[in-house]
Amino acid sequence: MRRQLCVRALAGVCALLVSAAADGVHAEPDQSYTELEPRLKPAMRAFESPEHFILELRGGPYTPSIVDTAAGNIFGGDKGPNFAAQLDGILRRVPNFYYVTLGGSIGTLSYSASAQSAIDGTSVGEKTTLSLIPVQATAGIRFDVLPRKLHIPIIFGARAGWEWAHWSTGTGARTDASGWSSGPVVSLQVALDLDSFEPNGARSLDEEWGINHTYLFGELFHFEPVGRSLPLGATSWLLGVGFIF
Amino acid sequence: MALGLMLAAARATAQTPVTTTAGTGATTSAQPSTNAFQISLTKAGGKPYLGTPLNPTLPINAQACNQGTIQVELLMLPAAYRYVQVWEAPMGGDCSGSGRSVSTSTSATSNACQQLRPPGTDSTGSTQITLPADQPIVVPIDDLCGAQGTIHFQGTIALYFLLLHGTSVTEAAGAFSVLNLTIATTPPDPATNVQGNSGETQINVSWTRAAQTAQYFVVIDPTAISTADLTIDAGLGDTICHSVELTEGMTLNLDDDNRVNLRPLVVQDEHYSSDGTTIDGESLNTPLAAFGVITKDVAGNYSNLSNVSCIKVVPTTGFWARYLANGGDAEQGCACSSVGSPRSRGPVGFLAGLAVFGLLAVRLRTRRRGQ
C-alpha cells in the first residue's frame, strides 16, 4: 500500500515536470511578461541579420589626364562630376574584424565645351562633348575592428581591380569616336561608421530592412589606362554613403 | 481622326418647367426632359475636333471660326419629337422658352436669343429628325465669330439644341441640351528677342517666351541671302543675312500638321513652353538661313511672325579632331591591344561573371534564411 502511494506520487511529480517542460517549449511570453523580464527586452537580445553585400553610392570631381593636354583643354578644366554605384559581394567575414569583398561598379560623367569653327577656329554655339561610363571589377578588404572592438567609429578599406571606361565623344549631333579605355584601378577608403553614433537606429534598420551597417566615406583612387587606350586616367577623390546588408 | 470622335459631350442642363406648345397648336404644361439627349462636338471648322474629351469649353479658335461651321451630333434622342432648332444665347440667356424669338435688343452683346440655321433647314430654321439614327447637325458659326479677321466676341456662348413637335419658333422646347462654346480668336503675342547662332548639326536658337502661349514653331527660310539689307535687317538686330520670304509681323497660316504651305519655308520643329531649341544645319543644305518663331496658344490660335534672325551653317570640330591633330592614337572600339582585355569586348565578360556571382550570393542567402 505504501509502495503504491510512493509510485503514484512519483508519477504525479513526473507528470508535473513533463507538463512544465512542455509549457516551457510551447508557451509564447506575452508583452507584459517580456516587459517584466529585462533580458527579453529587444535591446538586450543580440540580433544581426546575415551580411552578404555592400552597396556604395558615391560622387566627386574627376578630371582625366587628357583634359590637361592640348587636345583636352578645350574642356577648360571641367571636373565632371563623377557619379557611381558599387556593389560588392562579401566573400569572407570575420565578425567585428574585417570583410573580404569582390564586386564591381558603374558610373557616369561627361564633359562639354563649345565646338569650334573648322574654318577659322572661333567658338560656335554648338557643343563638343566627351562622355564616360567607367565600369570596374575590384577585390577589396575593409577593417571594422575599430568601431566594433574599440568604439572608434573609423573604418579603413582598400580595393584593387580593373577598370573599363567606355568613352564617346561628339560634336553637335554627330558622334566623332567611341571606345574603351582599360587599366588597373586602386582605391583607399576611410569611412565613418554611423552605427557607432546611433546603435538603436542601426539595430532598427537591421531588423526592419536587413541593413547591418551604414557609413559615410571618402575615397582616394587612381585609374591608369594602359595600351592604346584614350588617356582617361587620373587620381581623384569621391564621397559617398555605404550600406552593408 | 474619326468623324465619330466623341468629344465635348455636353449634358442637357436642368431647367424649370415651361409651357410647351404642341405641333397641333394645343397648349399644355409639361416638364422639359432634362438630360434627354447628349451633344457631341465632332468637328470644328470642318476639321476633326481635336480637344480634350468631355470638355465642352475647349475654345473655338480663329481657324475654326474662319472655316465657318462646327459639326455636332445629338445622341440618344427621345422619339417623341420631330424637329430640332438651334439657338444662340450669347450672354447666358435661356433660349428654351416660347419667348426666345422676341429680341429685347439688337446689340450683339444683348441677352437676346438668335437662331442659327444649319444647312438643310426649312424656312423656320428647323431640322427634321430622322430617327432612330443619331442626328448630325452642321452649325454655322460665322455669326458667332464675326467676319474673318475681325474679333467679334470673346467668351462663352450657349448653343441651345431644342427638340420640338413642330416648326414654330414660339414653341417651348419639350427637351433640350446646351452646348457651351468658348470663342477665343485673339492671337497670342509673338515671341521676342529671337536670336540665331552658328554651328553644323546642332545650332542653338533662342527666344523670349510670350505670355499665355503653349507651343513655338521655328519657321526657316533656307534661301536667305548673305547680304543683309541694312535698312531692314539692322533694325531687326541682325546684319548677317536677309530673307525675302520672312518679315517680322507677317501672318503665316500653318496647316493641320503645323506645316507651312509656302515654299521654300520649312517648319523645323514644334516645342512646348520652351525658350529655345536646336536646328540641324546639315539638313538645310545652305550655309545661311533666316528664321522666325510663331507661337500658338491653348485655343490653337497662331501669332504673327516674330523678329527674323539668322543662323550660319559652318563645319565644326570638337575634342576628337583636336586630339587627332595633336598626335592622339587611341584605339577606338574595344581597345583590344590593351593589357587585360584580349579581344574581350570591354567588360562584357566581367558583367556576366558579376551577374552569376550575384545570383549565387542571393541563392546562398536564401538557403541560409531557410535554415
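The numbers here are math on the coordinates, done by the rules we state, and not lab data. From a predicted model like this one, the values you see are computed outputs, not experimental measurements. Cβ: placed from backbone, ideal geometry, glycine included. Neighbour counts: every protein chain shown.
Between B:VAL298 and B:THR130, the distance separating the two model label sites (each 7 Å from Cα on the Cα→Cβ line) works out to 3.9 nm. A simple spin-label model places pseudo-atoms 7 Å from Cα toward Cβ; at A:ALA158 and A:SER131 they are separated by 3.7 nm. Note that the range A:74-80 has calculated 3J(HN,Hα) couplings of 4, 7, x, x, 3, 10, x Hz, one per residue in order, obtained from phi through the Karplus relation 6.51 cos²θ - 1.76 cosθ + 1.60 (θ = phi - 60°); glycine and proline are x. Based on the Stokes-Einstein relation at 20 °C and a viscosity of 1.002 mPa s, and on the Kirkwood radius from alpha carbon pairs, the range A:111-245 is assigned a translational diffusion coefficient of 120 µm²/s.
Between A:GLU207 and A:SER114, the contour length at 0.36 nm per residue exceeds the Cα-Cα span by 28.2 nm. Shown in residue order for the range B:67-83 are the 3J(HN,Hα) couplings computed by the Karplus curve 6.51 cos²θ - 1.76 cosθ + 1.60 at θ = phi - 60°: 7, x, 9, 10, 10, 10, 10, 9, 10, 6, 5, x, 7, 7, 10, 10, 9 Hz (x for Gly and Pro).
Rounded to 0.05, the FRET efficiency of the B:ARG209 and A:LYS79 pair, given R0 = 22 Å and the Cβ-Cβ distance, is 0.10. Projected label points at B:ASP280 and B:ASN326, each 7 Å from Cα along the beta carbon direction, are separated by 3.2 nanometres.
If R0 is 41 Å, what FRET efficiency do you get for A:VAL94 and A:THR69 from their C-beta distance, rounded to 0.05? Step by step, r from the Cβ atoms, then E = 0.35.
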